[in-house]
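Participant: First the structure, which I've put down as structure tokens, then a few questions once you've had a look.
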Amino acid sequence: MPDEEIDALAALADPRRRAVYEHVAAAGDAVSRDQVAGALGIGRTLAAHHLDKLAEAGLLDVAFARLGGRSGPGAGRPSKLYRRSAAEHSVSLPPRGYRVLAEVFAEAVSEAGVEPALYAAAERTGARLKGQDAEATLRGLGYEPYAEGDVWRLRNCPFDAVARTHPGAVCGANLALLRGALGSGARIDPRPDGCCVVVDRFVAGADAHDDAQGDQLGAGDGARGDKLRADAHDDAQGDQLGAGAGDDARGAQLRADAYDDVRGDQLGLGDDARGDESGAGDGARGDRLRAEAAEAAEAVGAAEAAEAVEAAEAAGGVQGEASSAGGVRDRRPAGTKNNGNLS
């Protein structure tokens, strides 16, 4: 690790010196010690001390010029002015070489002619940053924005080293990245220093507002969708429970019906058994009655037969008597006349 890199970063360890550096970097133009002292509320000597220390560390460039455009005799000595250095300083532990790889990728993209794929990828990356404040997004990406009329000018290009060797691929990807993040307000407007992209302040703000509203609406729709799905789920569960309750009720009714059927069958069997018993008893009594009736009939028949015999015998006797009488009549002498009683 080069010592000058560590020395440069060590120069910013003092909080007040770091504030001096940040003021110079944000100014854009070269500033004097008087301007720094007035802006930070410190003495001119202390401001000069910190400015010179930063210059020795390679963080600031020094130039001399007369302020106010004065020249010639009586214009005074040129003022010592300070501007942020264009030299880059970085420390990585352990060491990393991302810039080398970035240059390799940029060269490969240019040789293969696949810049459209690079731009599309950069825009997708920027889209993941949507919804944030435009200025905060630019500052977070290291562009160091400042307002100039209706636009955001970008004092720093985060990709400056590679953009100098492969401007087509890198500047196009830079624009696509910012359009993905901030919308249509980003456009190319190159200057000798700073970033080649400029951002329309109000267009970017409107796009961010629309994106936020879209996100809110989407979140609201998502919440309503979740509520509707939850209600539908509850309804489905309710239907299932209702169906289950109905099934339970039907099951209970069926079980009750089956129980009644069994009871009915049992009762029917009991009645049938009792009926059979009653029938058997009735049959036995009937047989007994019929036997008694037969016996009675036989007795009656015997008596009637006896009476009939007696009657027949009696009748036979009468007939015999009649026959005897007829025989007597037939034995009357011939020619005997009937006296009116007999013919």
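Participant: For PRO2, only one of the following conditions fails: (1) under 25 Å from PHE159 (Cβ atoms); (2) surrounded by 13 or more Cβ atoms within 10 Å (Cβ to Cβ); (3) of a type outside the set (S, T, N, Q). What is its number?
Facilitator: So PRO2 meets the others, but not (2).
Yes/no per residue for (1) in contact with an Asp or Glu (Cβ under 6 Å, 6 or more places away or on another chain); (2) modelled with pLDDT under 95; (3) part of a strand (DSSP E or B):
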residue: PHE105; (1), (2), (3): no, no, no
residue: GLU111; (1), (2), (3): no, no, no
residue: GLU123; (1), (2), (3): no, no, no
residue: GLY126; (1), (2), (3): no, no, no
residue: CYS171; (1), (2), (3): no, no, no
residue: ALA176; (1), (2), (3): yes, no, no
residue: PRO190; (1), (2), (3): no, yes, no
residue: VAL199; (1), (2), (3): no, no, yes
residue: ASP207; (1), (2), (3): no, yes, no
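Participant: Could you tell me how many of the residues in the range 162-184 are farther than 14 Å from LEU129 by Cβ and of a type in the set (Lys, Arg)?
Facilitator: Residues meeting the conditions: 1.
Participant: Mind checking which residues of the range 18-36 are buried (at least 19 other Cβ atoms within 10 Å of the Cβ) and part of a helix (DSSP H, G or I)?
Facilitator: Passing the criteria: VAL20, TYR21, VAL24, ARG33, GLN35, VAL36.
Participant: Let me ask something else about it. In the list ALA161, ALA117, which residue meets the criterion of being assigned to a helix (DSSP H, G or I) and more than 35 Å from the chain's Cα centre (by Cα)?
Facilitator: Result: ALA161 is the single residue among ALA161, ALA117 that is assigned to a helix (DSSP H, G or I) and more than 35 Å from the chain's Cα centre (by Cα).
Participant: Based on this model, can you work out whether PRO73 counts as surrounded by fewer than 17 Cβ atoms within 10 Å (Cβ to Cβ), modelled with pLDDT of 90 or more and not assigned by TED's automatic domain parsing to the domain that holds GLU148?
Facilitator: Numbers: surrounded by fewer than 17 Cβ atoms within 10 Å (Cβ to Cβ): yes; modelled with pLDDT of 90 or more: no; not assigned by TED's automatic domain parsing to the domain that holds GLU148: yes.
So PRO73 does not fit the description; no.
Participant: Let me ask you something else. Collect the residues in the range 129-152 that are without any contact (Cβ under 8 Å) to a residue 40 or more places away in the chain and out of contact with any Pro (no Cβ under 8 Å at 6 or more places or on another chain), keeping them in residue-number order.
Facilitator: Within the range 129-152, ALA136, GLY140, GLU148, GLY149 meet the criteria.
Participant: Out of the residues in the range 129-141 that are part of a loop (DSSP other than H, G, I, E, B) and modelled with pLDDT under 95, which is farthest from ARG191 (Cα to Cα)?
Facilitator: Selected residue: GLY131.
Participant: Within the range 76-90, which residues are part of a loop (DSSP other than H, G, I, E, B) and either modelled with pLDDT of 85 or more or among the aromatic types (Phe, Trp, Tyr) (or both)?
Facilitator: PRO78, SER85, ALA86, ALA87, GLU88, HIS89, SER90, listed by residue number.
Participant: Right, here's the next one. Kindly list the number of the only condition in (1) out of contact with any Gly (no Cβ under 7 Å at 6 or more places or on another chain); (2) under 30 Å from LEU59 (Cβ atoms) that fails for ALA117.
Facilitator: (2)
Participant: If we keep just the residues of the range 178-188 that are buried (at least 22 other Cβ atoms within 10 Å of the Cβ) and more than 35 Å from the chain's Cα centre (by Cα), which is modelled with the highest pLDDT?
Facilitator: Step by step, filter the range 178-188, then rank; the result is ALA186.
The values are calculated or read from the model by the stated rules, or taken from the named source; none is laboratory data. What you see is a predicted model; the values in this text were computed from it and never measured. When we count neighbours, we look across all protein chains shown, and the Cβ atoms used for this are built from the backbone with ideal geometry, even at glycine.
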